[in-house]
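See below for the structure under consideration.
What follows draws every value from the coordinates through simple rules; no lab data is involved. Please read all numbers here as calculations on a predicted model, not as lab measurements. Cβ placement follows ideal geometry from the backbone for every residue including glycine, while neighbour counts extend to all protein chains displayed.
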Amino acid sequence: MAEQRPTAFFIGDDLALDFLNSVAAPWGQEIEWLANGSDLVAWLEQAHAVPASVVAQFREDTDFRTLDSVASQARQLREWFRAFVSDHAGKPLDPAVLNELAPINQLLGRDESYRQIAPASPSDVEATEGDRHGTLRWQRRRHWRTPEALLLPITEAMGDLVCHKDFTFVRRCGNCTLWFYDLSKSHARRWCSMAVCGNRAKAAAHRARVRKRLRAAQT
Ligand SMILES: [Zn+2]
């Protein structure tokens, strides 16, 4: 039941991979966090993928059937991207994959994003220390004319993963279906999280060692 559903996983260190993780079976039974339109809006809000004011506007103004249909498109997009990631994770992307990425370019071709001059936040100013013009900055915004626009931040995150990140470090948990971007210094991350799979895998390895020792003792 939806009420008993745990909160969604945001362990991917990458929005596009977190999006893949919006369906998962960390405890055996599959959990879907994008079952309908209100799920999709809630997930986008938790992921900070869409501004809170936009989320509130869609919640108020859009009928649930329309949002459900966008959620259905989101699930299709997710499973298409899962197949792409499964095929290419673990090695640098070959430029020949561009053909496969046509759905991303197609969706982003509808984007209505634009830039505005905005005041820089204190952290921006720090980042551009020594630059006399550091008090103003470019800000990217988007017209949200249709509910389908909700798919654009996710699609953009997929493009970011493909263009800005190294697919060598895109990994799947050694114990479940969750994906993550391995940012660890030694690039040796193996688990979605210690709490969900790391401890479980360690306990299983420990049990296996104990069994082996017992067997050795009996022979
Ligand atoms: Zn896991």
Scanning segment 36-83 residue by residue, those among the hydroxyl-bearing types (Ser, Thr, Tyr) and touching a Lys or Arg at 6+ places or on another chain (Cβ under 7 Å) turn out to be none
Taking segment 1-30 and keeping residues part of a loop (DSSP other than H, G, I, E, B), over 16 Å from residue 191 (Cβ atoms) and hydrophobic (A, V, I, L, M, F, W, C) leaves 1, 8
| said: Here is a check on your reading of the model: is residue 81 touching a residue at least 12 places away in the same chain (Cβ under 8 Å), closer than 26 Å to residue 193 by Cβ and either within 16 Å of the ligand (Cβ to nearest atom) or in a helix (DSSP H, G or I) (or both)? | reply: yes
Residues of segment 42-63 being touching a Phe, Trp or Tyr at 6+ places or on another chain (Cβ under 6 Å) and either within 14 Å of residue 74 (Cβ to Cβ) or not in a helix (DSSP H, G or I) (or both), in sequence order, are 43
Q.
Looking at segment 147-156, can you tell me whether even one residue there is away from the ligand (no atom under 14 Å from the Cβ) and touching a Pro at 6+ places or on another chain (Cβ under 7 Å)?
A. no
When segment 31-41 is checked residue by residue, the ones that are part of a helix (DSSP H, G or I) and either within 16 Å of the ligand (Cβ to nearest atom) or surrounded by 18 or more Cβ atoms within 10 Å (Cβ to Cβ) (or both) are 37, 39, 40, 41
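For (1) surrounded by 11 or more Cβ atoms within 10 Å (Cβ to Cβ); (2) part of a helix (DSSP H, G or I); (3) touching a helix residue (DSSP H, G or I) at 6+ places or on another chain (Cβ under 7 Å), each residue gets a yes or a no:
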position: 105; (1), (2), (3): yes, yes, no
position: 116; (1), (2), (3): no, no, no
position: 138; (1), (2), (3): no, no, no
position: 159; (1), (2), (3): yes, yes, yes
Just one listed residue, out of 155, 135, 177, 168, is of a type in the set (Val, Ile, Thr) and without any contact (Cβ under 8 Å) to a residue 40 or more places away in the chain, and it is 135
task = Restrict the check to segment 181-188 and report whether at least one residue is surrounded by 15 or more Cβ atoms within 10 Å (Cβ to Cβ), closer than 28 Å to residue 80 by Cα and in contact (Cβ under 8 Å) with a residue 12 or more places away in the chain.
result = yes
Could you tell me whether segment 130-141 includes any residue that is of a type outside the set (Ser, Thr, Tyr), under 28 Å from residue 66 (Cβ atoms) and more than 16 Å from the ligand (Cβ to nearest atom)? yes
Checked segment 160-219 for anything closer than 17 Å to residue 19 by Cα, within 16 Å of the ligand (Cβ to nearest atom) and touching a strand residue (DSSP E or B) at 6+ places or on another chain (Cβ under 8 Å); matches are 170, 171, 172, 173, 176, 177, 178, 179, 180, 181, 182, 192
